[in-house]
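**Student:** I have a structure here, written as C-alpha coordinates, and I will follow up with some questions on it.
The values are calculated or read from the model by the stated rules, or taken from the named source; none is laboratory data. Quantities reported herein were computed from a predicted structural model and do not represent experimental measurements. Cβ placement follows ideal geometry from the backbone for every residue including glycine, while neighbour counts extend to all protein chains displayed. Protein only, heavy atoms only, side chains kept; ligands, DNA and RNA dropped before computing areas. Shrake-Rupley method; radii C 1.70, N 1.55, O 1.52, S 1.80 Å.
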There are 2 protein chains.
Amino acid sequence: MKIVSSALLILTVLTSHGQTQESAMNTFDKNFAHTVYFWLKNPDSQADRKAFETSLRKFLNNSAFAKTKFIGTPPRASRDVVDGSFTYSLIATFESSEAQKNYQDEAPHKLFIKESEHLWDKVIVYDSTGIIE
Amino acid sequence: MKIVSSALLILTVLTSHGQTQESAMNTFDKNFAHTVYFWLKNPDSQADRKAFETSLRKFLNNSAFAKTKFIGTPPRASRDVVDGSFTYSLIATFESSEAQKNYQDEAPHKLFIKESEHLWDKVIVYDSTGIIE
(Lines give C-alpha, C1' and ligand atoms only; values in the text may rest on other atoms or scores of the structure.)
Protein backbone atom coordinates (compact mmCIF):
# COMPACT_ATOMS: atom_id res chain seq x y z
CA MET A 1 0.00 0.00 0.00
CA LYS A 2 2.92 2.28 0.83
CA ILE A 3 4.41 1.54 -2.61
CA VAL A 4 1.14 2.40 -4.35
CA SER A 5 1.04 5.70 -2.46
CA SER A 6 4.61 6.48 -3.50
CA ALA A 7 3.83 5.69 -7.13
CA LEU A 8 0.76 7.89 -7.00
CA LEU A 9 2.78 10.66 -5.40
CA ILE A 10 5.38 10.46 -8.16
CA LEU A 11 2.67 10.60 -10.82
CA THR A 12 1.00 13.56 -9.08
CA VAL A 13 4.29 15.44 -8.93
CA LEU A 14 4.93 14.74 -12.62
CA THR A 15 1.45 15.94 -13.57
CA SER A 16 1.67 19.09 -11.45
CA HIS A 17 5.05 19.89 -12.95
CA GLY A 18 3.52 19.68 -16.44
CA GLN A 19 0.71 21.99 -15.46
CA THR A 20 3.04 24.56 -13.90
CA GLN A 21 5.13 24.69 -17.05
CA GLU A 22 2.02 25.16 -19.20
CA SER A 23 1.51 28.75 -18.00
CA ALA A 24 4.77 30.00 -19.55
CA MET A 25 5.56 27.08 -21.86
CA ASN A 26 3.71 25.40 -24.64
CA THR A 27 4.39 22.65 -27.07
CA PHE A 28 5.82 23.71 -30.40
CA ASP A 29 5.15 21.47 -33.39
CA LYS A 30 8.03 21.65 -35.85
CA ASN A 31 5.94 20.37 -38.73
CA PHE A 32 4.38 23.74 -39.54
CA ALA A 33 4.97 27.20 -38.02
CA HIS A 34 2.68 30.11 -38.89
CA THR A 35 3.76 33.59 -37.76
CA VAL A 36 1.76 36.77 -38.27
CA TYR A 37 2.68 40.40 -37.54
CA PHE A 38 -0.12 42.95 -37.15
CA TRP A 39 0.23 46.72 -37.35
CA LEU A 40 -2.86 48.29 -35.76
CA LYS A 41 -4.22 51.57 -37.15
CA ASN A 42 -4.31 53.00 -33.63
CA PRO A 43 -1.63 51.18 -31.64
CA ASP A 44 -1.97 53.68 -28.78
CA SER A 45 -5.72 53.19 -28.39
CA GLN A 46 -6.32 51.01 -25.33
CA ALA A 47 -9.86 50.28 -26.58
CA ASP A 48 -8.57 48.99 -29.93
CA ARG A 49 -5.88 46.90 -28.24
CA LYS A 50 -8.37 45.39 -25.82
CA ALA A 51 -10.79 44.56 -28.67
CA PHE A 52 -8.01 43.00 -30.77
CA GLU A 53 -6.58 40.94 -27.91
CA THR A 54 -10.02 39.69 -26.86
CA SER A 55 -10.96 38.70 -30.40
CA LEU A 56 -7.63 36.99 -31.13
CA ARG A 57 -7.60 35.16 -27.79
CA LYS A 58 -11.17 33.93 -28.37
CA PHE A 59 -10.23 32.67 -31.83
CA LEU A 60 -7.17 30.77 -30.59
CA ASN A 61 -9.04 29.27 -27.65
CA ASN A 62 -11.74 28.03 -30.02
CA SER A 63 -9.41 26.73 -32.74
CA ALA A 64 -9.38 22.96 -33.05
CA PHE A 65 -6.11 23.00 -34.99
CA ALA A 66 -3.72 25.66 -33.65
CA LYS A 67 -0.94 24.67 -31.29
CA THR A 68 1.40 27.06 -29.42
CA LYS A 69 -1.09 29.98 -29.54
CA PHE A 70 1.48 32.67 -28.74
CA ILE A 71 0.42 36.33 -28.74
CA GLY A 72 3.24 38.84 -28.28
CA THR A 73 4.19 42.48 -28.41
CA PRO A 74 7.59 44.01 -29.23
CA PRO A 75 9.86 44.55 -26.21
CA ARG A 76 10.74 48.18 -25.45
CA ALA A 77 14.47 47.92 -25.95
CA SER A 78 15.22 46.61 -29.41
CA ARG A 79 18.48 46.25 -31.27
CA ASP A 80 19.07 48.12 -34.54
CA VAL A 81 18.56 45.08 -36.75
CA VAL A 82 15.19 44.25 -35.19
CA ASP A 83 11.87 45.39 -36.71
CA GLY A 84 9.99 46.45 -33.59
CA SER A 85 7.36 48.50 -35.45
CA PHE A 86 4.52 45.94 -35.33
CA THR A 87 1.78 46.06 -32.68
CA TYR A 88 1.08 42.34 -32.14
CA SER A 89 2.63 39.05 -33.18
CA LEU A 90 1.02 35.63 -33.38
CA ILE A 91 2.86 32.32 -33.52
CA ALA A 92 0.83 29.16 -34.06
CA THR A 93 2.10 25.71 -34.99
CA PHE A 94 0.38 22.76 -36.63
CA GLU A 95 0.90 19.05 -37.01
CA SER A 96 0.67 19.32 -40.82
CA SER A 97 -0.04 21.73 -43.65
CA GLU A 98 -3.51 20.14 -43.86
CA ALA A 99 -4.17 21.15 -40.25
CA GLN A 100 -3.02 24.69 -41.10
CA LYS A 101 -5.41 24.72 -44.06
CA ASN A 102 -8.26 23.60 -41.79
CA TYR A 103 -7.39 26.42 -39.36
CA GLN A 104 -7.64 28.95 -42.21
CA ASP A 105 -11.16 27.75 -42.93
CA GLU A 106 -12.36 27.42 -39.33
CA ALA A 107 -15.40 29.46 -38.28
CA PRO A 108 -13.47 31.01 -35.30
CA HIS A 109 -10.80 32.27 -37.75
CA LYS A 110 -13.36 33.84 -40.06
CA LEU A 111 -15.08 35.46 -37.06
CA PHE A 112 -11.75 36.90 -35.86
CA ILE A 113 -11.08 38.48 -39.27
CA LYS A 114 -14.62 39.87 -39.45
CA GLU A 115 -14.39 41.30 -35.94
CA SER A 116 -10.88 42.69 -36.14
CA GLU A 117 -9.81 43.55 -39.69
CA HIS A 118 -10.99 47.14 -39.31
CA LEU A 119 -8.45 47.52 -36.48
CA TRP A 120 -5.31 46.80 -38.52
CA ASP A 121 -3.47 48.66 -41.20
CA LYS A 122 -1.02 45.97 -42.32
CA VAL A 123 -0.48 42.25 -41.79
CA ILE A 124 2.55 40.16 -42.75
CA VAL A 125 2.32 36.36 -42.67
CA TYR A 126 5.19 33.86 -42.89
CA ASP A 127 4.63 30.10 -43.07
CA SER A 128 7.43 27.57 -42.54
CA THR A 129 7.72 23.83 -42.59
CA GLY A 130 10.41 22.57 -40.25
CA ILE A 131 13.63 20.90 -41.27
CA ILE A 132 13.52 17.85 -39.01
CA GLU A 133 17.01 16.61 -38.20
CA MET B 1 7.01 -6.45 -6.28
CA LYS B 2 4.33 -6.57 -8.96
CA ILE B 3 3.18 -3.11 -7.87
CA VAL B 4 6.72 -1.72 -8.15
CA SER B 5 7.00 -3.18 -11.66
CA SER B 6 3.72 -1.57 -12.64
CA ALA B 7 4.82 1.79 -11.28
CA LEU B 8 8.13 1.51 -13.13
CA LEU B 9 6.29 0.54 -16.32
CA ILE B 10 4.03 3.59 -16.01
CA LEU B 11 7.03 5.86 -15.49
CA THR B 12 8.86 4.29 -18.44
CA VAL B 13 5.85 4.79 -20.70
CA LEU B 14 5.57 8.44 -19.59
CA THR B 15 9.26 9.03 -20.23
CA SER B 16 9.24 7.33 -23.62
CA HIS B 17 6.19 9.35 -24.64
CA GLY B 18 8.11 12.54 -23.83
CA GLN B 19 11.08 11.41 -25.89
CA THR B 20 8.95 10.46 -28.88
CA GLN B 21 7.30 13.86 -28.91
CA GLU B 22 10.69 15.59 -28.77
CA SER B 23 11.52 14.69 -32.38
CA ALA B 24 8.68 16.75 -33.86
CA MET B 25 7.78 18.85 -30.84
CA ASN B 26 9.72 21.18 -28.65
CA THR B 27 8.94 23.35 -25.70
CA PHE B 28 8.03 26.93 -26.49
CA ASP B 29 8.76 29.57 -23.87
CA LYS B 30 6.20 32.36 -24.07
CA ASN B 31 8.42 34.80 -22.23
CA PHE B 32 10.46 35.78 -25.29
CA ALA B 33 10.11 34.73 -28.95
CA HIS B 34 12.79 35.64 -31.48
CA THR B 35 12.01 35.04 -35.17
CA VAL B 36 14.41 35.64 -38.05
CA TYR B 37 13.86 35.42 -41.82
CA PHE B 38 16.87 34.98 -44.10
CA TRP B 39 16.98 35.64 -47.82
CA LEU B 40 20.05 33.88 -49.24
CA LYS B 41 21.93 35.44 -52.16
CA ASN B 42 21.80 32.13 -54.00
CA PRO B 43 18.75 30.28 -52.73
CA ASP B 44 19.07 27.69 -55.51
CA SER B 45 22.68 26.82 -54.68
CA GLN B 46 22.71 23.48 -52.85
CA ALA B 47 26.25 24.23 -51.60
CA ASP B 48 25.16 27.55 -50.07
CA ARG B 49 22.08 25.97 -48.51
CA LYS B 50 24.12 23.13 -47.02
CA ALA B 51 26.71 25.56 -45.62
CA PHE B 52 24.02 27.79 -44.12
CA GLU B 53 22.06 24.91 -42.56
CA THR B 54 25.18 23.33 -41.10
CA SER B 55 26.37 26.61 -39.61
CA LEU B 56 22.95 27.53 -38.16
CA ARG B 57 22.36 24.04 -36.75
CA LYS B 58 25.81 24.05 -35.11
CA PHE B 59 25.10 27.44 -33.54
CA LEU B 60 21.73 26.37 -32.15
CA ASN B 61 23.08 23.09 -30.82
CA ASN B 62 25.85 24.99 -29.03
CA SER B 63 23.68 27.79 -27.65
CA ALA B 64 23.26 27.66 -23.88
CA PHE B 65 20.24 29.98 -24.01
CA ALA B 66 18.05 29.23 -27.05
CA LYS B 67 14.93 27.12 -26.65
CA THR B 68 12.69 25.81 -29.47
CA LYS B 69 15.52 25.96 -32.10
CA PHE B 70 13.21 25.76 -35.11
CA ILE B 71 14.68 26.03 -38.63
CA GLY B 72 12.16 26.16 -41.45
CA THR B 73 11.64 26.82 -45.13
CA PRO B 74 8.55 28.18 -46.91
CA PRO B 75 6.05 25.53 -48.03
CA ARG B 76 5.52 25.28 -51.78
CA ALA B 77 1.86 26.19 -51.87
CA SER B 78 1.33 29.54 -50.22
CA ARG B 79 -1.73 31.73 -49.98
CA ASP B 80 -1.74 35.24 -51.49
CA VAL B 81 -1.37 37.04 -48.17
CA VAL B 82 1.70 35.00 -47.19
CA ASP B 83 5.27 36.23 -47.78
CA GLY B 84 6.93 33.04 -49.02
CA SER B 85 9.95 34.79 -50.54
CA PHE B 86 12.45 34.06 -47.73
CA THR B 87 14.88 31.15 -47.90
CA TYR B 88 15.08 30.12 -44.21
CA SER B 89 13.27 30.98 -41.00
CA LEU B 90 14.49 30.61 -37.44
CA ILE B 91 12.31 30.60 -34.34
CA ALA B 92 13.99 30.55 -30.94
CA THR B 93 12.43 31.24 -27.55
CA PHE B 94 13.97 32.34 -24.27
CA GLU B 95 13.06 32.37 -20.60
CA SER B 96 13.72 36.13 -20.40
CA SER B 97 15.00 39.13 -22.34
CA GLU B 98 18.26 38.74 -20.40
CA ALA B 99 18.66 35.19 -21.77
CA GLN B 100 18.02 36.57 -25.28
CA LYS B 101 20.69 39.21 -24.70
CA ASN B 102 23.14 36.52 -23.58
CA TYR B 103 22.37 34.52 -26.73
CA GLN B 104 23.18 37.57 -28.87
CA ASP B 105 26.60 37.76 -27.24
CA GLU B 106 27.37 34.02 -27.23
CA ALA B 107 30.49 32.85 -29.07
CA PRO B 108 28.46 30.30 -31.16
CA HIS B 109 26.21 33.16 -32.37
CA LYS B 110 29.17 35.31 -33.37
CA LEU B 111 30.73 32.34 -35.15
CA PHE B 112 27.50 31.69 -37.07
CA ILE B 113 27.37 35.32 -38.28
CA LYS B 114 31.05 35.23 -39.25
CA GLU B 115 30.63 31.94 -41.12
CA SER B 116 27.34 32.71 -42.85
CA GLU B 117 26.75 36.43 -43.36
CA HIS B 118 28.31 36.31 -46.82
CA LEU B 119 25.54 33.86 -47.82
CA TRP B 120 22.59 36.15 -47.17
CA ASP B 121 21.25 39.23 -48.88
CA LYS B 122 18.65 40.32 -46.34
CA VAL B 123 17.61 39.44 -42.81
CA ILE B 124 14.48 40.52 -40.91
CA VAL B 125 14.27 40.00 -37.16
CA TYR B 126 11.19 40.29 -34.97
CA ASP B 127 11.30 39.98 -31.18
CA SER B 128 8.18 39.51 -29.04
CA THR B 129 7.46 39.20 -25.37
CA GLY B 130 4.42 37.07 -24.69
CA ILE B 131 1.15 38.26 -23.25
CA ILE B 132 0.67 35.66 -20.53
CA GLU B 133 -3.01 35.16 -19.74
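**Student:** Any idea what the B:S96 label distances to the other copies are, label 7 Å down the Cα→Cβ vector, nm, shortest first?
**Tutor:** Copy-to-copy label distances for B:S96: 4.2 nm.
**Student:** What does the C-alpha gyration tensor say about the overall shape of region A:45-98? Classify as rounded when a/c is under 1.5, otherwise prolate if a/b is larger than b/c, or oblate.
**Tutor:** Details: a/c = 3.57, a/b = 1.36, b/c = 2.63.
It is oblate, given that a/c is not under 1.5 and a/b is not larger than b/c.
**Student:** Give the A-B buried accessible area in Å², both sides summed, 1.4 Å probe, nearest 100.
**Tutor:** Values: alone 9420 and 9400 Å², together 14360 Å².
Counting protein atoms only, the buried area is about 4500 Å².
**Student:** Could you tell me which of the pairs A:K30/A:K101; A:K50/B:K101; B:K58/B:K114; A:K69/A:K101; A:K69/B:K114 are separated by over 24 angstrom between their Cα atoms in the structure shown? Can you show the working numbers first?
**Tutor:** Working: A:K30/A:K101 16 Å; A:K50/B:K101 30 Å; B:K58/B:K114 13 Å; A:K69/A:K101 16 Å; A:K69/B:K114 34 Å.
In this structure, A:K50/B:K101; A:K69/B:K114 exceed 24 Å between Cα atoms.
**Student:** What number, in percent, do you get for the relative contact order of region B:40-133 if the mean sequence gap of Cα pairs under 8 Å and at least 6 apart is divided by its residue count?
**Tutor:** Working: 82 pairs, mean separation 35.3, N = 94.
In percent, rounded to a whole number, it is 38.
**Student:** Run the label-point distances for A:W39 please: 7 Å along Cα to Cβ, every other copy, nanometres, shortest first.
**Tutor:** 1.6
**Student:** Residue by residue through region B:47-58, which ³J(HN,Hα) values in whole Hz follow from phi under the Karplus form 6.51 cos²θ - 1.76 cosθ + 1.60 (θ = phi - 60°), with glycine and proline marked x?
**Tutor:** My calculation for region B:47-58 gives 5, 5, 5, 4, 4, 5, 4, 5, 5, 5, 4, 4 Hz in order.
**Student:** Another one. List for region A:108-131: residues with 10 Å² or greater reduction in accessible area, all protein chains versus chain alone, probe 1.4 Å?
**Tutor:** Buried on complex formation: A:I124, A:V125, A:Y126, A:D127, A:S128, A:T129, A:G130, A:I131.
**Student:** Moving to a separate point now. What does the charge add up to near B:P108, with Lys and Arg as +1, Asp and Glu as -1, over the other residues with Cβ less than 14 Å from its Cβ? Don't skip to the end; give the middle numbers.
**Tutor:** Values: positive: B:R57, B:K58, B:K69, B:K110, B:K114; negative: B:D105, B:E106, B:E115.
Value of the local net charge: +2.
**Student:** With the label 7 angstrom out along Cα to Cβ, how close does B:P75 come to the same site in each of the other copies, in nm, nearest first?
**Tutor:** 3.1
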